[in-house]
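What follows is a short report on a single structure.
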Amino acid sequence: MSIEKSTKAARGTVQCENTNINLLKANDYVADIIRNEMAKNKTLLINITSSAGSGKTTLMQKTAEMLKDKITMAVMVGDLETERDAIRIRESGIQALQIVTGGICHLEAQMIHQVLPEYKLEDIDLLFIENVGNLVCPASFDLGEDYRVTLMATTEGDDKPKKYPRMFLTSDMMLVSKSDLLPYLPFSVEAVTKDALEVNHELEVIQISALNGEGIDEWCDWLLEKIQQKQNS
Ligand SMILES: Nc1nc2c(ncn2[C@@H]2O[C@H](COP(=O)(O)OP(=O)(O)O)[C@@H](O)[C@H]2O)c(=O)[nH]1
Ligand SMILES: [Mg+2]
């Protein structure tokens, strides 16, 4: 299988088995419907991906805490089982719905489209999708997002971008998360950034810690700028 830098609309295109191609074509059709819906309502849609345990839900909580007085934010979160993450995020005072995939390792556009009527999009500035935690399957499914943001935790080892290139290739931003643990781990931010940029030279990178707040202002400023751009579009 060859991997090419794809456009957002063609993110799901995989040059391998025919069944995959057909499945992803159907996915991309629905992803475009979602994109149009977001454009109509001027809602910024961000797809958050990472390995399990990299800090996605904690970042949603932290972002809600930082931005909830400035914008209206909501989340949909995918996991194989349980509603635990949605409950955690709702405790931050924002709308969060859980998509239980029942064993499927990624979210598909059809799943997002099905829960979309639960959200009053015309009142929502920023909608996050917290994807199922792994660096493989979610990379191939366009969910109609404006931006894809991948967390790369310091606890995972700094060799992941070259091992799981499709995820980094299709992302717009890499957040190097849990930076507060850097003094205790054999993890090089320089090495992970170099590898990630070799996979995708357009990738933006911010180092963050939800625990001590490093990089959180920069992350929130990035979001506010993208929201502004969306609302002016
Ligand atoms: N040290 C540290 N731990 C974190 C940070 N963010 C999240 N965690 C912890 O990492 C674990 C997994 O976090 P979670 O947000 O559930 O990850 P998710 O599976 O990607 O949603 C939890 O025990 C969090 O408390 C961080 O910035 N620093
Ligand atoms: Mg989570």
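No value in this document is a laboratory result; all are computed from the given coordinates. Every value quoted in this text rests on a predicted model; they were computed, and no experiment measured them. Reconstructed Cβ throughout: ideal geometry from the backbone, glycine too, with neighbour counts over all protein chains shown.
When a/c reaches 1.5 or more, the comparison of a/b and b/c decides; with that in mind, is segment 138-233 rounded, prolate or oblate per its Cα gyration tensor?
In terms of gyration-tensor shape, oblate.
Go through segment 40-122 and name the trypsin sites (Lys or Arg not before Pro) that are in a DSSP coil and have 14 or fewer other Cβ atoms within 10 Å of their Cβ. The qualifying sites are K68, K70, K120. Tally Lys and Arg at +1 and Asp and Glu at -1 over the other residues with C-beta under 12 Å from the C-beta of D159: what net charge comes out? Value of the local net charge: +1. Overall, the chain carries a charge dipole of about 300 debye about its Cα centre when +1 sits on the Cβ of Lys and Arg and -1 on the Cβ of Asp and Glu, all other atoms neutral.
What percent do you get for the relative contact order of segment 18-232 when only Cα pairs under 8 Å and 6+ apart count? Reported relative contact order: 25 percent. For the chain, dividing the convex hull volume of the Cα atoms by the residue count gives 117 Å³ per residue. Straight Cα distances below 17 angstrom link K162 to the aspartates and glutamates E4, D172, E190, D195, E198, E202, E204, with same-chain residues fewer than 8 positions distant left out.
What net charge is computed for the residues neighbouring T72, neighbours being all others with C-beta under 11 Å from the C-beta of T72, Lys and Arg scored +1, Asp and Glu -1?
Working: positive: K68, K70, K120; negative: D69, E122, D123, D125.
Once positives and negatives cancel, what remains is -1.
The local environment of A39, defined by Cβ-Cβ distances under 10 Å, has a net charge of +2 under the rule Lys, Arg +1 and Asp, Glu -1.
Taking a straight Cα-Cα cut-off under 28 Å and skipping sequence neighbours fewer than 8 places away in the same chain, the lysines within cross-link reach of K163 are K5, K8, K25, K56, K178, K194.
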